[in-house]
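The structure appears right after this line, and notes come after that.
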Amino acid sequence: MAKSKNPGTSASRPVTHARSGNPAKKPAVAQRPVTVGDWIGAARPRTLPLAIAPVLVGTGAAHLVDPRFHGMIALACLAVAVCLQIGVNFTNDYSDGVRGTDARRVGPARLTASGRVSARSVLFTGLAFFALAAIAGLGIVIRTQQWWLIAVGAVCIVAAWFYTGGKRPYGYNALGEVFVFVFFGLVATLGTTWVQAGALPQEAWIGAVAVGLFACAVLLANNLRDIDQDRVVGKRTLTVVIGRRATQIVYTLFALLPFVGLVLLALFYPVAWIGLLALLAFLPAILIVWTYKEPRELVIALALTSLGTLAFSGALLWAFLTPTV
């Protein structure tokens with residue numbers, strides 16, 4: 001007579017294997033092939049206006065000091081800024097992915113966390129863009145003979161990596177906004193002005209502060225969207241530390257304070273008044289931040305903030321290039 005198997009034994013149960021939270025260690029599963037669109041999405045195009053904006057403002061401010069147009073240097077500055085932005089986006093994808101931070105993300109899926117691309121490939125892509133930024137930066141150094149800028153460029157790349165990389169990333173310790181303001185606002189804008197004009201007029205400083213505040217606002221919108229997930233995984237962004245309501249207030253301040261500087265500049269550069277049209281993007285974004293019901297709605301606020309930053313910066317460039325009467 002055959003004996004029935006005990007349902008509690010391993011013989012009657014399917015064998016399961018514990019899975020690591022690290023996507024790089026997960027077994028391969030059948031998924032749709034990764035497309036060019038997926039890679040473009042991983043570069044986070046919504047954030048690229050934040051790289052373009054400081055170059056526009058910095059180039060316009062340089063024109064106030066030196067009316068000559070330094071086209072090649074301006075393009076090189078743009079290449080540095082865009083490549084650094086894309087590089088930090090890919091390395092952020094990698095670092096958050098291997099830590100498991102993106103496992104429950106609300107926004108668009110990341111390459112590393114999805115398991116559809118190896119973590120090593122994502123990391124290599126990020127480092128490749130850092131290398132492109134370094135090459136463009138070296139071209140600026142050779143053209144301007146400002147050799148000390150090599151150190152500035154190295155610091156920028158290191159800061160980009162340690163945003164979410166390394167053992168103690170500052171983006172996980174409520175310092176993301178500080179570094180974003182410094183590097184995406186002050187360093188990017190003032191650096192663009194300096195390499196073209198060899199001086200830093202007050203207009204460059206006002207524009208740099210404005211761009212930096214906008215960049216911080218974008219980061220706040222992003223982190224507000226992910227606040228619940230970040231709390232679960234132990235990612236201490238500024239939003240997690242100060243809470244939802246305080247983040248809404250700070251976001252609003254960061255989104256509107258630059259317009260005070262715009263009004264001041266418009267008194268001397270009348271074309272700058274057109275920059276008020278950027279409020280058509282910022283006001284709906286602020287409304288979304290205060291009234292959203294689902295975290296996904298904040299993706300729209302992030303995009304509007306980014307586009308508003310580009311419009312604001314374009315208006316300043318136009319104003320600085322336009323002769324005053």
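Some observations on this one:
- Looking across the stretch 290-308 at every residue that is over 18 Å from the mean Cα position of the chain (by Cα) and part of a helix (DSSP H, G or I), the one that is nearest to Ala210 (Cα to Cα) is identified as Trp290.
- Subset tally (residues that are surrounded by fewer than 19 Cβ atoms within 10 Å (Cβ to Cβ), in contact (Cβ under 8 Å) with a residue 24 or more places away in the chain and aliphatic (A, V, I, L, M)) for the stretch 312-325: 1
- Taking the stretch 48-167 as the region of interest, the helices (runs of 4 or more DSSP H) fully inside it that hold 1 or more residues being among the aliphatic types (A, V, I, L, M) and exposed (fewer than 15 other Cβ atoms within 10 Å of the Cβ) are 71-99, 119-144, 149-161.
- The set of residues in the stretch 222-281 being of a type in the set (D, E, K, R) and in contact (Cβ under 8 Å) with a residue 40 or more places away in the chain consists of Arg225, Asp226, Asp228, Asp230, Lys235, Arg236.
- Scanning the stretch 234-270 for residues that are closer than 22 Å to Gly185 by Cα, of a type in the set (A, V, I, L, M) and assigned to a helix (DSSP H, G or I) yields Leu238, Ile249, Val250, Leu253, Ala255, Leu256, Val260, Leu262, Val263, Leu264, Leu265, Ala266.
- Count of the stretch 201-220 residues, restricted to those that are surrounded by fewer than 24 Cβ atoms within 10 Å (Cβ to Cβ) and in contact (Cβ under 8 Å) with a residue 60 or more places away in the chain, is 1.
Throughout, read-outs are computed from the coordinates displayed, never taken from laboratory work. Everything quoted here is computed from the prediction, not taken from an experiment. Reconstructed Cβ throughout: ideal geometry from the backbone, glycine too, with neighbour counts over all protein chains shown.
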